[in-house]
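See structure below.
The values are calculated or read from the model by the stated rules, or taken from the named source; none is laboratory data. Only a predicted model underlies this, so the values are computations on that prediction, with no experimental measurement involved. Quick note on the areas: whole protein, heavy atoms, side chains included, nothing else; ligands and nucleic acids left out. Shrake-Rupley method; radii C 1.70, N 1.55, O 1.52, S 1.80 Å.
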Amino acid sequence: MEIQKLYDLDDIEFEDITIGLVRLAKNIPDHEFFFNVNQKNDLTFKRIDDLIFHGAYYDYFFPRFEAYHKFTKTCFTFISNKSSESKQKNTNRTLLRRRKH
């Protein structure tokens, strides 16, 4: 799937990007997967700042890994589909309230 004219955070550059999904055949930790990828390729994936989703009651942190291929000038970014951490910021008290009669 290709998305046209996706812009960076500075709103300066426009570029075409390709989005793909990777599904592993066996369940292994992220660090082990990227260690193996780094050993077998000329890419060096490293952990970068997590993608943070700010929800109403929780903030969710999704690990990101990135590598840059100098020859093709291509940046590869992997974002986990499972959060590694969640922080509660609000509580939902509506279920705990009693009605006054």
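Structure data summary
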read-out	value
Strands (runs of 3 or more DSSP E) contained entirely in segment 16-80, each with at least 1 residues that are open to solvent by 60 Å² or more (accessible area, probe 1.4 Å) and of a type in the set (D, E, K, R)	46-54, 58-69
Conditions (1) within 19 Å of the chain's Cα centre (by Cα); (2) modelled with pLDDT under 85; number of the one not met by T91	(1)
